[in-house]
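In what follows, a single structure is set out as structure tokens and then discussed.
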Amino acid sequence: QVQGVHCFGAAMPTEPIGMKGSSAGRVKSGKLTNEEALRREIPWSTFQEKGIITKEQLASVYHLVELVQTKQLSPKMLQYEARGVELVSLFGALLLGINKDEVVQYVLALMDEILLAMPAIAGQFHAALHQSKGELDAFDPLLKLLSRHHLFIVEKASFVLAKLLSYDHYHPAVPDAHAEEVLDRKLSSFALWSVALLKSVDPIDGYDQPKVAQVLAAVQQLVSTAPGRKAFIKADGLPLLLGLMSGGSYSTHSAVQLLYVVLVVVWSLSYTPECAAKLGSAAGLLPKLIDILKNVNKEKVVRVTCAALRNMLPVGTCAADMIGAGVMKALHNLQLRKWADEDVKSDVDFLAHALEGSLKSMSSWDVYAKEVGSGRLEWSPSHKSDNFWKDNYKAFEASDCAVLKRLVECLSSSDPTTLAVACHDVAEFIKVHPDGRRLIAQFAPKAPAMKLLKHDDPQVQKYALITVQRLMVINWEYLNSN
């Protein structure tokens, strides 16, 4: 794996590049593949006769078709590098002037294969837009194809668009403001379309549904570069990724594959600082990533999760938030495992070493507050330490009792261990703080605590009973002594 320099000074994988290969091999699109679409006989001359394309463009089509049929596309595409704008005009004319499914499928498959053979051709679409001052827009007909019903057309159009719009290696000698505005608008439109489609994805369906694979392939390509990442974040796609990571179970291959692809998107986003900052501040994201480390054994899932966490280490309070969410125990367990991929061991060891340094600089209260903030509680030493409660009960009053409020919110968690620990801590706070019962009453802990008396988990019931007793009896010391 190619190595770069990480901001912590250690080797780190370079950021992801766009997905290699045509999308046909990765996305289930019925029985139709690029090869099959390109095997069809298309009456190209009729399109010249109808005035859809020029005589010169017809010659270019025939040449490209010949290159495809003789499998010489890759070695021969260099000749089009200097004539890229002509190629853009040709595809724009074909997609605007022809509506028949079979022809549109052929053109899209051809574009997909051309971009595979020569990814830099994507820059010519940007060049055409700038040189024409925003008039030669080959993105627009592709965007319109996203409303078609044929799965192959929508899949190919979305994947080709993602490749074209996210391309970030074209730098015009004389930038055109209108062209930049058009490009930003198209990128934003495509990101919004992708996010809208993500909303319809049910994680319970896993990765086997063609629609799911289709949209995630396009999103993966979109977020392979900084402009695409920013557009995806701006389109509010992040909460949907968290939802896809949180829904369903990981008991089937399809569910694990869906989780893996979503995590690759998260990892890609983490390479752009402002997007990484959004990841770090997204409610529930870091605890979820750490929960995945604890509960999903698949090596490729662990690898990409660790890679994402590693990128996020220097972002804001992420290191402390990871510690609060229980990452140290998860990393320790991962260090005991054998890995086929050396990168997994490298990332796990790096995270453990870096976070150990962060942990040493944190007080027991800092760690506790981060843990409560994560919404996932475990029986770490602080919870049952008399000294911790005697030394820190006043700290709960800081920032309008923010940690106390969050602790009460943990009484509504779906995780039994979190519920038991939260009940224990609420009871301890009331016991230790002279005015604890009044302070915590403002956050209405009684109703959720009483509800937990009927919980299926005996440990939750046990600590819920203690909590309810201390909430309802002012002189708890009298009750305890009797």
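A few points about this structure:
- Taking region 119-163 as the range and being among the acidic types (Asp, Glu) and in contact (Cβ under 8 Å) with a residue 40 or more places away in the chain as the test, the residues that pass are 137, 140, 155.
- Of the helices (runs of 4 or more DSSP H) lying entirely inside region 45-156, those containing at least 3 residues that are of a type in the set (A, V, I, L, M, F, W, C) are 55-69, 84-97, 101-117, 122-131, 139-145.
- From the list 90, 110, 94, 116, the lone residue that is touching a residue at least 60 places away in the same chain (Cβ under 8 Å) and either buried (at least 21 other Cβ atoms within 10 Å of the Cβ) or small (Gly, Ala, Ser) (or both) is 110.
- Any hit, region 311-332, residues being among the small types (Gly, Ala, Ser), open to solvent by 10 Å² or more (accessible area, probe 1.4 Å) and either in contact with a His (Cβ under 7 Å, 6 or more places away or on another chain) or closer than 30 Å to residue 209 by Cβ (or both): no
- Subset tally (residues that are β-branched (Val, Ile, Thr) and surrounded by fewer than 18 Cβ atoms within 10 Å (Cβ to Cβ)) for region 246-295: 1
- In this structure, residue 306 does not qualify as touching a Lys or Arg at 6+ places or on another chain (Cβ under 7 Å) and either surrounded by fewer than 17 Cβ atoms within 10 Å (Cβ to Cβ) or part of a helix (DSSP H, G or I) (or both).
- The single condition among (1) in contact with a helix residue (DSSP H, G or I) (Cβ under 9 Å, 6 or more places away or on another chain); (2) open to solvent by 20 Å² or more (accessible area, probe 1.4 Å); (3) in a helix (DSSP H, G or I) that residue 399 does not meet is (1).
- Check on residue 366, on the phi < 0 side of the Ramachandran plot and free of Cβ contacts under 8 Å to residues at least 60 places away in the same chain: yes
- The number of residues in region 367-381 that are outside any loop (DSSP other than H, G, I, E, B) and surrounded by fewer than 16 Cβ atoms within 10 Å (Cβ to Cβ) comes to 1.
- Residue 197 meets all of the listed conditions (1) modelled with pLDDT under 90; (2) closer than 17 Å to residue 263 by Cα but one, namely (2).
- Residues in region 322-348 that are basic (Lys, Arg) and either in a helix (DSSP H, G or I) or within 22 Å of the chain's Cα centre (by Cα) (or both) were compared, and the one that is modelled with the highest pLDDT is 345.
- Listed by position, the helices (runs of 4 or more DSSP H) inside region 183-280 whose residues that are more than 24 Å from residue 294 (Cα to Cα) and in contact (Cβ under 8 Å) with a residue 40 or more places away in the chain number at least 3 are 210-222, 226-234.
- Residue 412 passes every criterion in (1) under 14 Å from residue 368 (Cβ atoms); (2) under 40 Å from the mean Cα position of the chain (by Cα); (3) polar (S, T, N, Q) apart from (1).
- Residues of region 424-440 satisfying the condition of being open to solvent by 60 Å² or more (accessible area, probe 1.4 Å) and in contact (Cβ under 8 Å) with a residue 24 or more places away in the chain: 431, 437
- The set of residues from region 441-453 being over 11 Å from residue 408 (Cβ atoms), surrounded by fewer than 22 Cβ atoms within 10 Å (Cβ to Cβ) and within 37 Å of the chain's Cα centre (by Cα) comprises just one member, 451.
The values are calculated or read from the model by the stated rules, or taken from the named source; none is laboratory data. All of these numbers come straight from a predicted model, not from anything done at the bench. So basically every Cβ, Gly included, is an ideal-geometry build from the backbone, and we count neighbours across all protein chains shown. Just the protein is used for accessible areas: all its heavy atoms, side chains included, with ligands, DNA and RNA removed. Shrake-Rupley method; radii C 1.70, N 1.55, O 1.52, S 1.80 Å.
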